[in-house]
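Asks: Sharing a structure here in structure tokens format.
FYI, it's all coordinate maths here, none of it is from the lab. All values reported here derive from a predicted model rather than from experimental measurement. Cβ placement follows ideal geometry from the backbone for every residue including glycine, while neighbour counts extend to all protein chains displayed.
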Amino acid sequence: MSETIDYYFSMVSPWAYIGTKTFNAIVDRHKLNVNYKPVPLGRVFAETGGLPLGKRHPARVRYRILELQRWREKRGLNFHLRPKQWPFDGTLADCFVVAALADGHDVREFVARGMAAVWEDEVSYADGGELVKLANALKLPGEKLLEAAKSDAINARYEQNYAEAVKVDAFGSPCFVRDGEVFWGQDRLELLDDAITSGRAGFKNDAV
């Protein structure tokens with residue numbers, strides 16, 4: 001029986017982008033089911049004690065650039081450390097994914113190519129035009145999904161993802177939840193792979 005992973009992320013997250021190929025390889029190897037759950041990352045940070053990039057100490061900002069370079073090399077990627085259009089409000093892009101899911105579409109390729117476009121091609125999804133273009137290229141109904149992404153119903157689902165993320169301690173992007181155990185960050189993907197391979201039950205946090 002296939003396992004299911006709850007995947008909390010934002011389309012604007014560099015770390016979710018960096019881990020995409022590795023995560024998808026794990027999904028394919030273990031034939032996993034994935035529940036894609038885009039979340040409003042700024043609100044998740046605010047609720048769980050994280051800080052947006054602009055409010056972090058300069059030492060942490062500088063270290064982030066080092067980490068991006070290390071993982072760019074480690075994962076064999078080629079992307080901009082400071083894309084021209086980034087940061088931008090990721091709400092519309094995230095809700096577009098939620099809308100595609102609600103309409104019954106497989107979003108794996110859209111998410112992978114969409115995040116890559118932000119970091120490799122310096123694309124912005126702030127106004128929705130690029131979202132429609134990408135969706136149409138993947139044979140998804142771009143205009144229909146863009147309209148849905150702006151609806152109250154889809155925003156309510158996005159809000160539900162946020163509430164679920166906070167509840168399960170998925171406090172950043174990406175977070176992968178397997179059997180109640182949170183793996184935060186693309187640098188924990190190898191640990192996720194090990195846990196699935198072993199078949200062990202999810203570890204529980206008994207300290208609180």
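Asks: In nm, to one decimal, how far is the modelled label at Lys84 from the one at Glu67, with both set 7 Å along Cα→Cβ?
Replies: 2.8
Asks: While we're looking at this one, here's another question. In segment 1-159, with Lys and Arg counted as +1 and Asp and Glu as -1 at Cβ, which of these residues, Val34, Ala126, Ile18, has the Cα nearest the positive end of the dipole, that is, farthest along it?
Replies: Toward the positive end, the furthest listed residue is Ile18.
Asks: Can you put Phe88, Phe110, Phe176, Phe96 in order of Cβ neighbours within 10 angstrom, beginning with the fewest?
Replies: By the 10 Å Cβ count, ascending, the order reads Phe88, Phe110, Phe176, Phe96.
Asks: Under 1.5 on a/c is rounded, so check that first for segment 162-208, then, if it is not, pick prolate when a/b is larger than b/c and oblate when it is not; a ≥ b ≥ c are the square roots of the alpha carbon gyration tensor eigenvalues.
Replies: In terms of gyration-tensor shape, oblate.
Asks: List every residue whose amide H lies under 5 Å from the amide H of Arg178, counting only residues 5 or more places away in sequence or on a different chain, with H placed 1.01 Å from N in the peptide plane.
Replies: Residues meeting the criterion, in which the H sits 1.01 Å from N, are Phe183.
Asks: A follow-up question, please. Which is farthest toward the positive dipole end of segment 42-153 among Cys95, Asn136, His80, measuring Cα position about the Cα centre, with Cβ charges +1 (Lys, Arg) and -1 (Asp, Glu)?
Replies: Of the options given, the answer is His80.
Asks: I'd like the Karplus ³J(HN,Hα) series for segment 73-85: coefficients 6.51, -1.76, 1.60, θ = phi - 60°, whole numbers in Hz, and an x wherever there's a Gly or Pro.
Replies: Result, ordered by residue: 5, 4, 8, x, 9, 9, 9, 7, 6, 9, x, 4, 8 Hz.
Asks: Could I ask something else about it? Given Cα pairs under 8 Å that are at least 6 residues apart, what percent is the relative contact order of segment 4-198?
Replies: 33
Asks: Let me ask something else. So what is the 222 nm mean residue ellipticity for the chain from helices alone, if each DSSP H run of at least 4 adds -39500 (n - 2.57) and you divide by all residues, rounding to the nearest 500 deg cm²/dmol?
Replies: Calculated mean residue ellipticity at 222 nm is -16500 deg cm²/dmol.
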